[in-house]
Amino acid sequence: MALLTAPGRRRGATRVPPVVLAFVLVPLLAEAFWVFWPAIQGFYLSLTDWNGVAPAKFVGLANFREMFGDSVFRTALLDTVLWLVLFGGLSIVLGLGAAMFLQQERRGVGFYRAALFLPVVFSLVATALVWQAMYQPDGLIDKTLGGLGLGSWEHPWLADQSTALYAVIVPALWREIGYVMVLYLAGLKGIDPALYEAAKVDGANRRQLFRHITLPQLSSVNAVVVSVVIIDSLRSFDVVWALTRGGPYHSSELLSTYMYSTAFQSLRLGYGSALAVVIFILAFGVIVSYLVRAFREAD
Amino acid sequence: MTVTHPTAPAVEKAAPPGARPPHRDPVARRRRAGTAGFHAGAVLLSALWLLPVALVLVTATRSFDDIAGNGLGALPHSFTLDGFGQAWTDGGQARALLNSILITVPSVLISLLLASMAAFALSRYNLPLRRTLLLVMLAGNLLPPQILLVPVSRLTEMLGLYDSLYAVIGVQVGFGVGFYVFVLHGFMRSIPPEIQQAAVIDGAGPWTIYSRIVMPLAKPALAALCALSFTWIFNDLLWSITVLRTDSKMPITASLIGLQGQYVSDWNVIAAGSVIAAAPTVIVFLRFQRHFVAGLNLGAVK
């Protein structure tokens with residue numbers, strides 16, 4: 001009987017019922033309302049001069065032209081690139097290192113992993129405040145340096161223009177490394193041990209195993225990690241805002257903090273939007289490559 | 001640097017299965033040495049990672065006089081919970097924690113409900129343009145939020161929602177839903193179609209299939225996303241300070257920054273505030289650790 005009725009019914013199932021359309025449309029509209037429509041406005045506002053009160057005045061590319069002469073913008077751009085390279089690079093290298101170190105299932109390894117992973121659940125604001133206490137002149141870092149006889153290294157880490165940015169990167173790294181480690185641990189678990197066995201029979205040493213098996217086998221995870229880290233870098237805001245607000249003298253200013261303070265403190269909403277467009281342009285390549293991979297996956 | 005260094009002894013033990021059968025003793029000894037080296041390195045690494053956490057717990061339980069007199073980096077000479085009391089009542093952390101929960105719980109529930117509906121429709125039915133729709137939704141989540149800040153704050157003003165918790169919930173749902181749809185879609189696609197066909201033959205409509213069949217089967221993914229989105233939304237700062245203005249409406253992350261300004265050198269209060277702000281997500285993490293880690297991996301496109 002099932003055989004007789006199935007074809008007709010199944011055709012009924014592939015014709016999409018209206019409820020199912022609503023299932024897609026409601027969430028899509030929510031996202032369109034809060035994301036797509038504002039995004040379009042954001043791009044438009046970047047072409048305007050607007051203080052939030054008077055009507056926005058269309059000025060074309062004037063905001064972008066202004067950036068060339070804006071020394072704070074140049075600092076923020078440079079710091080953002082530095083942040084990408086240092087924060088991004090180190091969290092990938094150290095996250096992979098931690099994953100390789102803790103990949104074997106043995107006694108106690110769960111605890112070690114959890115210890116490295118715990119900071120991931122802290123907000124960046126709480127993380128920042130913890131580290132701010134460590135960076136104080138009478139805090140743990142300077143105290144330890146003094147105790148080790150390295151008193152000359154003691155430093156107002158966050159107040160010095162030459163160290164502020166690096167001092168802000170450390171807490172961000174402390175939190176990100178655990179996250180990257182989890183992604184790599186999953187990737188390492190997926191590698192067929194037979195590959196290592198075969199290579200060892202052929203006399204490969206440890207470095208060769210890493211270069212010719214581990215790295216290529218991790219290529220898809222690598223792609224994900226790189227995208228995640230770049231997107232995270234460009235979004236980074238909380239930790240800088242809580243620690244230095246971009247100071248002293250903009251020395252730890254990122255594009256994201258500069259954008260926020262320009263738009264919401266100086267109330268230059270048009271120029272702020274233009275800075276946001278710059279962040280978007282920097283992220284664009286990653287977004288597209290992520291989507292292309294997702295597109296292939298989705299089928 | 002400290003992370004990669006101790007690797008050497010741990011992996012070393014993989015060397016022996018070579019050509020000649022080596023003496024039993026040295027191998028066993030080397031293996032034992034390798035294990036000891038691993039644990040020494042791992043303990044050191046964990047200690048380094050947990051040190052800031054321990055430090056903030058210790059600082060939160062010291063008295064102000066102790067910190068002022070002996071210095072922030074000194075060993076504690078006092079134990080008191082006054083810092084927590086001050087942060088909780090005078091610092092407004094109690095109100096802020098409540099705000100955070102009032103924002104986070106509805107945001108998580110609404111976004112996962114909406115996302116699961118869309119993921120169900122896109123993964124179980126031959127909708128036209130389904131792949132495009134899915135990627136458009138994901139793309140919305142990948143946008144840098146900075147491009148949305150100014151328009152979203154203006155949008156909430158126009159709706160009369162500016163400076164209300166509804167505004168934060170709205171934008172959290174709108175911004176997050178794309179990612180959750182993408183993850184849930186991947187999960188639901190792997191449910192065999194036969195289960196659904198059987199239900200259709202039995203006369204089940206889409207709503208029944210969704211609520212009685214697909215949702216229960218998607219529980220692991222939902223649990224993972226729940227744990228993950230809870231921490232994300234709870235820890236968020238940017239959206240809140242963009243659409244909220246009144247101090248008493250701020251969630252705990254923003255309130256913590258206020259606390260830092262209010263109690264500049266009362267490190268015991270600031271540390272206590274950080275502990276209060278971190279406690280809910282740490283509890284969620286410890287309770288749902290497995291789901292949490294699974295969630296992070298779900299998020300990665302394999």
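If a spin label sat at a point 7 angstrom from the Cα of A:A159 along the line to its beta carbon, the backbone N atoms of region B:57-80 nearer than 19 Å would be those of B:67-74. Springs join every pair of Cα atoms under 10 Å in this Gaussian network model of chain B, and among B:M137, B:M158, B:M117 the largest mean-square fluctuation is at B:M158. Across the options A:S261, A:G247, B:Q196, the greatest Cα extent toward the positive end of the charge dipole of the protein assembly as shown (unit charges at beta carbon of Lys, Arg, Asp, Glu) belongs to B:Q196.
Relative to the current alpha-carbon distance between B:D90 and B:V43, full extension at 0.36 nm per residue lengthens the span by 13.0 nm. Between A:V81 and B:S248, the simple spin-label model (points 7 angstrom out along Cα→Cβ) gives 4.9 nm.
Heavy-atom accessible area for B:E157, with the other protein chains in place and a 1.4 Å probe, reaches approximately 110 Å². Interface area, chains A and B: about 9700 Å² of buried accessible surface, summed, with a 1.4 Å probe and ligands, DNA and RNA left out. With Cα atoms as the point set, region B:125-242 shows a radius of gyration and Dmax of 17.6, 52 Å.
On the protein assembly as shown, 66 percent of the accessible area sits on carbon and sulfur atoms, based on a 1.4 Å probe. Subtracting the Cα-Cα distance of B:L51 and B:R189 from 0.36 nm times their residue separation leaves 45.4 nm of extension gain. The charge dipole of region B:174-302, taken about its Cα centre with unit charges on the Cβ of Lys, Arg, Asp and Glu (plus for the first two, minus for the last two), comes to roughly 180 debye.
Near the amide H of A:T48, within less than 5 Å, lie the amide hydrogens of A:V59, all on another chain or at least 5 residues away, with H placed in the peptide plane.
Chain A: longest stretch without exposed trypsin sites (Lys or Arg not before Pro) (DSSP loop, at most 14 other Cβ within 10 Å), sites themselves excluded? Looking at chain A, A:108-299 is the longest stretch - no exposed trypsin sites (Lys or Arg not before Pro) with at most 14 other Cβ atoms within 10 Å.
Projecting the Cα positions of A:A128, A:A223, A:S46 onto the charge dipole of chain A (unit charges on Cβ atoms of Lys, Arg, Asp and Glu, taken about the Cα centre) puts A:A223 furthest along the positive direction.
For chain A, the solvent-accessible area works out to 46 Å² per residue, with a probe of 1.4 Å and every protein chain left in place. Only Lys, Arg, Asp and Glu carry charge here, each on its Cβ (+1 for the first two, -1 for the last two); on that basis the protein assembly as shown has a dipole of about 2480 debye about its Cα centre. Both numbers refer to the Cα atoms of region A:3-128; Rg and Dmax are 26.2, 76 Å. For region A:187-198, the Karplus equation 6.51 cos²θ - 1.76 cosθ + 1.60, evaluated at θ = phi - 60°, returns couplings of x, 5, 5, x, 7, 5, x, 4, 4, 5, 4, 4 Hz by residue, with Gly and Pro reported as x.
Think of each Lys and Arg Cβ as +1 and each Asp and Glu Cβ as -1; about the Cα centre, that makes the dipole of region A:114-189 roughly 340 debye. A straight chain from A:V109 to A:A204 at 0.36 nm per residue would run longer than the Cα-Cα distance by 31.5 nm.
For B:D247, neighbours were defined as the other residues whose beta-carbon sits under 14 Å from its Cβ, and their charges (Lys and Arg +1, Asp and Glu -1) total +1.
Mean per-residue shielding of peptide A:191-201 is 1, counting Cβ atoms of other chains within 10 Å of each Cβ.
Counting, for every residue in B:36-46, the Cβ atoms of other protein chains within 10 Å of its Cβ and taking the mean gives 4. Per residue of peptide A:264-273, the mean number of Cβ atoms on other chains within 10 Å of the residue Cβ is 2. Within the listed set A:Y112, A:Y44, A:Y271, the Gaussian network model of chain A (springs between alpha-carbon atoms below 10 Å) gives the highest mean-square fluctuation for A:Y112. Spatially, region B:227-300 and region A:224-293 are offset by 20 Å when compared through their Cα centroids.
The values are calculated or read from the model by the stated rules, or taken from the named source; none is laboratory data. Please read all numbers here as calculations on a predicted model, not as lab measurements. Every residue, glycine as well, gets a Cβ built from its backbone with ideal geometry; the counts of neighbours run over all protein chains shown. For the accessible areas, the whole protein counts, side chains as well, though only heavy atoms, and no ligand, DNA or RNA atoms are used. Shrake-Rupley method; radii C 1.70, N 1.55, O 1.52, S 1.80 Å.
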